[in-house]
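Okay, structure first, notes after.
The values are calculated or read from the model by the stated rules, or taken from the named source; none is laboratory data. Computed from a predicted model, the values in this text were never measured in an experiment. Cβ placement follows ideal geometry from the backbone for every residue including glycine, while neighbour counts extend to all protein chains displayed. Areas reflect the complete protein model, heavy atoms only, side chains present, ligands, DNA and RNA absent. Shrake-Rupley method; radii C 1.70, N 1.55, O 1.52, S 1.80 Å.
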Amino acid sequence: MSPPSTVAHADADADADVHGSPAVGDVRFTVISVDDHLVEPPHLFEGRMPAALADAAPYVKTTSKGHQIWVFDGQAYPQVGLNAVVGRSKEASPMEPVRFDEMRRGCWDPAARVADMDLAGIWASANFPSQITGFCGSVYSACSDPALGQACVRAFNDWFHEEWATAHPGRFVPVGIAYLADPEVAAAEVRRNAERGFAAVSLPEQPHRLGYPSIHSGWWDPVLAACEETGTVVCLHVGSSGMMDLALDGPLVEVAATLFSSLSLTACVDWLWSGVCLRFPELRIAMSEGGLGWVPLLADRLDYIHGWSGHGRAAWPSAELTPTEVLLRNFWFCSLDDPSIWPIRDRIGVDHITVEVDYPHADSTWPDTQDFLADRLAGLSVAEQRAVTHENAAALFGHPLPPHPLPSLVVAEDGAA
């Protein structure tokens with residue numbers, strides 16, 4: 001049973017800005033971050049569940065050690081994985097906060113998040129869920145009671161719509177979740193969200209790893225049809241279907257973080273060879289938090305496999321488009337820090353590259369995002385800088401831009417930018 005709402009709000013209303021605010025620097029780029037995260041606040045489900053299911057909704061519990069954890073469907077969900085450490089000293093306190101009042105308030109409060117975005121010159125942000133939800137709603141979708149799981153999915157989307165997107169118009173790219181255990185229910189939720197302005201849905205990278213039919217099976221086609229019909233972007237967030245196998249006696253966090261991009265590579269290959277982008281040619285897929293380094297490697301390998309022998313061509317269900325052409329048509333990629341890739345950016349296509357900040361995770365560029373981008377994008381033209389920092393994301397998600405995006409295009413006498 002949920003604790004009294006006053007308890008949850010009292011915990012969440014504590015002053016989380018314990019590390020102060022950085023000075024506002026020069027804003028040189030209009031930034032749309034295509035990958036950030038939110039921490040679900042304790043009051044998320046209050047007033048958003050059917051009366052018969054309200055007592056079974058996820059709730060925050062304080063343990064005997066003073067830690068705050070989520071409880072749902074008979075399981076406890078502590079904060080893990082350097083999930084909400086933005087603003088904390090990596091040297092003095094590198095591990096995960098265990099209470100809301102140990103987190104920077106922008107982790108779970110949308111007004112505080114907007115203020116933090118302003119500090120770093122971030123125009124808009126796509127936010128993915130955290131521990132109690134899973135990056136793609138996997139926790140609610142695995143609920144032992146399907147009705148309860150579906151109600152939690154709807155409540156999460158309603159909460160995000162009301163408290164984040166609608167309350168701060170233009171500042172957040174609305175990314176929803178779906179009930180993964182039933183493709184028709186998921187498709188209906190995609191359409192419900194699209195009608196009220198959601199631009200994207202977070203789906204699992206490799207659904208078979210969560211116990212669902214694979215992307216090759218056709219089982220997901222109702223969901224993908226709804227996405228294509230409504231223009232909803234499919235976001236495949238790294239780690240959304242679990243992590244890779246790791247040696248338990250190694251440095252788990254460091255090894256997993258090093259291999260993050262390999263999850264996106266594997267997922268992208270799976271989705272590509274499934275043929276879903278040929279059946280749904282208008283489908284747009286964002287490889288969220290996946291990096292850029294593997295994309296030229298994949299394009300080269302696809303060219304080799306497809307041209308190597310009849311085997312590769314026979315397995316590919318199109319005579320008109322090659323796998324590489326579909327990769328560079330239907331998929332978008334995002335960079336946190338990929339310095340080696342910028343000189344060969346044309347192999348990917350500048351119009352399919354976006355940037356991320358990854359607030360409030362441990363590797364976030366916040367609050368130094370502007371300086372960081374100025375360094376990494378120094379070799380790009382102004383037109384290319386505009387494309388990767390905001391124009392591509394705005395086009396992908398149909399998101400508005402401010403009246404005068406930065407950097408400004410300077411037109412020379414010969415008319416060239």
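Below is a table of values for the structure above.
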| read-out | value |
| --- | --- |
| Residue that is surrounded by the most Cβ atoms within 10 Å (Cβ to Cβ), among those in segment 171-196 that are assigned to a helix (DSSP H, G or I) and of a type outside the set (A, V, I, L, M) | 193 |
| Some residue of segment 119-126 being open to solvent by less than 10 Å² (accessible area, probe 1.4 Å) and among the aromatic types (Phe, Trp, Tyr) | no |
| Residue 218 being assigned to a loop (DSSP other than H, G, I, E, B), at pLDDT 95 or above and farther than 30 Å from residue 344 by Cβ | yes |
| Hey, residue 48 open to solvent by 30 Å² or more (accessible area, probe 1.4 Å), in a loop (DSSP other than H, G, I, E, B), charged (D, E, K, R) and modelled with pLDDT of 90 or more or not | yes |
| Residues of segment 266-304 classified as open to solvent by 40 Å² or more (accessible area, probe 1.4 Å) and not in a loop (DSSP other than H, G, I, E, B), total | 10 |
| Condition met for residue 337 (modelled with pLDDT of 95 or more and of a type in the set (D, E, K, R)) | yes |
| Which listed residue is of a type in the set (A, V, I, L, M) and part of a loop (DSSP other than H, G, I, E, B), from 147, 167, 115 | 167 |
